[in-house]
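Asker: Okay, here's the structure, questions in a sec.
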Amino acid sequence: MANRTVTVAATQFACEPDRIVNLAKAERVVREAQARGAQVVLLQELFETPYFCKDHDLRHFELALPIAENPAVQRMQALAAELQVVLPISVFERAGNAFFNSVAMIDADGALLGVYRKSHIPESPGYHEKFFFSPGDTGFRVWRTRYGVIGVAICWDQWFPESARIMALQGAELLLYPTAIGSEPQDLSIDSQPHWQRTMQGHAAANITPLIASNRVGMEQGANWQVQYYGSSFIADHTGAVVLQADRDSEIVLTARFDLDAIRAYRHSWGVFRDRRPDLYGPLLTLDGKVPY
C-alpha cells in the first residue's frame, strides 16, 4: 500500500481595517497555497480584522458572530469544497452571552467538523485577551480530515507542552498553531520570536509530529499600544527541525510535504509514547506542583 503523504502550508499576511479586504486576502492566500500543492492550509489567528485585543474597547465585541453566521467560515467552507483543501479558520465567536477565540475546522469537502475554543487566555500590555474571551470549554481536539488527523490549538496555547501532548495522545499526525504575536510594547528590548519558535520546535520533537505555525505581519496601532507583528511563520518536521521559515515582514506562503506513514513508523520506533508514566504526572493537575493542604 502506498504511503500517505500530505502537503501543508504555513502563511502570513498583514491585516487591514476592512474585514472584506482581509477575507479577500485570505482567499488569495489559500488559492496560492493550493496551486502549489497544499492540501492543508493554515491561516493566522483572527485574520478577519486587525488584532483588536491591543485595547480594552467595548466596541470590538461587535465583531463577534456565531460560527454559523460568520462570513469567514461560510466563505472558507465554499473555498475548501472548491479547492479540496482542509482549512482551520480562526474567528471571534459569540455564543449567547459568551465570547471565545475559536477555530472552525473545515474538511476538504467544505464540511464543518467542529470547533475548538482557545484554552489558555493571555493578559499583557497589547495582548488583552482576558477582556474579550472566556477560557475555552471544548478541551483539546483533533479531527480526522481527508488528509490525516490534525490537531489545532491557538497562539498562547503554543507555550504549553500539555496542549501538544494531549493532541498527540489523541492521534494528531500534524500540529497546527494559528497565532498573532509580535513586539512587547511595554519593553521593546524584548524579542520573543526565537523563544516562541523554539518552544514549538520542542513540541514537534517531543511528540515526533510535524508542526505548522502561521503568524501575522505588519505594524498595528491601538489606542494605547503599538505592536509590530514579527511573522516568522514556519514548518517544523517530526524531529523539531525547521523545514521552512518565513521572514518577519513578507506576505508569504510556505509549503512542505510529509510522509505520515513513515513518520508514524519512526514515532513508534522511538518509544516516546510507550515509555510515558502518567501514574507519576499527578502534579500536573495542580497549579503549584504540590498536593493541596
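Asker: I want to check the label-to-label distance for E69 and F273. Put each point 7 Å from Cα in the C-beta direction and report it in nm to one decimal.
Answerer: Modelled inter-label distance: 4.0 nm.
Asker: What list of ³J(HN,Hα) values in whole Hz, one per residue of the range 106-114 in order, does the Karplus curve 6.51 cos²θ - 1.76 cosθ + 1.60 (θ = phi - 60°) give from phi, with Gly and Pro shown as x?
Answerer: Karplus values, whole Hz, x for Gly and Pro: 10, 7, 6, 9, x, 6, 7, 7, x.
Asker: Using 0.36 nm per residue of separation minus the Cα-Cα distance, give me the extension gain between N97 and T286 in nm, one decimal.
Answerer: 65.1 nm
Asker: Rounded if a/c is under 1.5, else prolate if a/b beats b/c, else oblate: with a ≥ b ≥ c from the C-alpha gyration tensor eigenvalues square-rooted, which is the range 242-293?
Answerer: Here the range 242-293 falls in the oblate category.
Asker: Provide the FRET efficiency to the nearest 0.05 for the R36-D109 pair, computing r from the beta carbons and using R0 = 25 Å.
Answerer: The computed FRET efficiency comes out at 0.75.
Asker: What does the extension gain come out to for D259 and V21, with contour length at 0.36 nm per residue minus their alpha carbon separation?
Answerer: 82.1 nm
Asker: Next up: Peptides 227-235, 185-193, 280-288, 247-255: what's the order by average Cβ count within 10 Å, highest mean first?
Answerer: Sorting 227-235, 185-193, 280-288, 247-255 by mean packing, highest first, produces 227-235, 247-255, 185-193, 280-288.
Asker: Under the rule a/c < 1.5 gives rounded, and otherwise a/b versus b/c splits prolate from oblate, where does the range 5-64 land using the Cα gyration tensor? Show your work: numbers first, answer last.
Answerer: Working: a/c = 3.44, a/b = 2.40, b/c = 1.43.
It comes out prolate by the Cα gyration axes.
Asker: Subtracting the Cα-Cα distance from 0.36 nm times the residue separation, let me have the gained length for A81 to S124 in nm, one decimal.
Answerer: Full extension of this stretch gives 11.6 nm more.
Asker: Sticking with this one: Considering Cα pairs under 8 angstrom that are at least six residues apart, work out the relative contact order of the chain and quote it in whole percent.
Answerer: Value for the chain: 20 percent.
Asker: Something else now. Just how far, in whole angstrom, is the range 1-52 from the range 232-287 if you go by their alpha carbon centroids?
Answerer: For the range 232-287 versus the range 1-52, the Cα centre distance is 20 Å.
Asker: For the pair D57 and T138, how long in nm is the line joining their label points, each one 7 Å along Cα→Cβ?
Answerer: The modelled label-to-label distance comes out at 2.7 nm.
Asker: Ok, one more. What value, in deg cm²/dmol to 500, does the helix sum -39500 (n - 2.57) over DSSP H runs of n ≥ 4 give at 222 nm once divided by the residues of the chain? If you can, show how the numbers build up before the last one.
Answerer: Working: 5 runs with 65 residues, N = 293.
My calculation for the chain gives -7000 deg cm²/dmol from helical runs alone.
Asker: Would you be so kind as to identify which of A241, F273, A223 lies farthest towards the positive end of the dipole of the range 222-280, taking Lys and Arg as +1 and Asp and Glu as -1 on Cβ and the Cα centre as origin?
Answerer: Toward the positive end, the furthest listed residue is F273.
Asker: Something else now. To the nearest whole percent, what portion of all C-alpha pairs in the range 155-292 is separated by more than 19 angstrom?
Answerer: Roughly 57 percent, once rounded to a whole number.
Asker: So, by mean Cβ neighbours within 10 angstrom, what's the order for 238-246, 144-152 with the highest one leading?
Answerer: Ranked from most to least packed, the peptides come out as 144-152, 238-246.
Asker: If you take the square roots of the eigenvalues of the alpha-carbon gyration tensor of the range 136-195 and sort them as a ≥ b ≥ c, do you get rounded (a/c under 1.5), prolate (a/b over b/c) or oblate?
Answerer: prolate
Asker: Evaluate the range 99-210: find the radius of gyration of its Cα atoms, find its Kirkwood radius, and give the ratio Rg to Rh.
Answerer: 0.99
Asker: Which peptide among 29-41, 259-271, 209-221 comes first, and what is the full order, when sorted by highest mean count of other Cβ atoms within 10 Å?
Answerer: Answer by packing, highest mean first, reads 209-221, 29-41, 259-271.
Asker: Using +1 at the Cβ of each Lys and Arg and -1 at the Cβ of each Asp and Glu in the chain, identify which of G139, I181, A206 lies farthest towards the dipole's positive end.
Answerer: In the chain, that residue is A206.
Asker: Indicate, rounded to the nearest 5 percent, the antiparallel portion of the DSSP beta bridges found entirely in the chain.
Answerer: 75
Asker: So how strong a dipole does the chain carry about its Cα centre when Lys and Arg Cβ are +1 and Asp and Glu Cβ are -1, to the nearest 20 debye?
Answerer: That gives a dipole near 860 debye.
Asker: So, for the range 8-94, what is the accessible surface per residue at a probe of 1.4 Å, expressed in square angstrom?
Answerer: Roughly 36 Å² per residue, with all protein chains present.
Asker: While we're looking at this one, here's another question. Over the range 1-135, what is the relative contact order in percent, taking alpha-carbon pairs closer than 8 angstrom and at least six residues apart?
Answerer: Details: 238 pairs, mean separation 28.5, N = 135.
About 21 percent, as a whole number.
The values are calculated or read from the model by the stated rules, or taken from the named source; none is laboratory data. Since the structure is predicted, the reported quantities are computational estimates derived from the model, not experimental observations. Note that we place each Cβ from the backbone using ideal geometry, even for glycine, and neighbour counts take in every protein chain shown. Heads up: the accessible areas ignore ligands, DNA and RNA and are worked out on the full protein's heavy atoms, side chains in. Shrake-Rupley method; radii C 1.70, N 1.55, O 1.52, S 1.80 Å.
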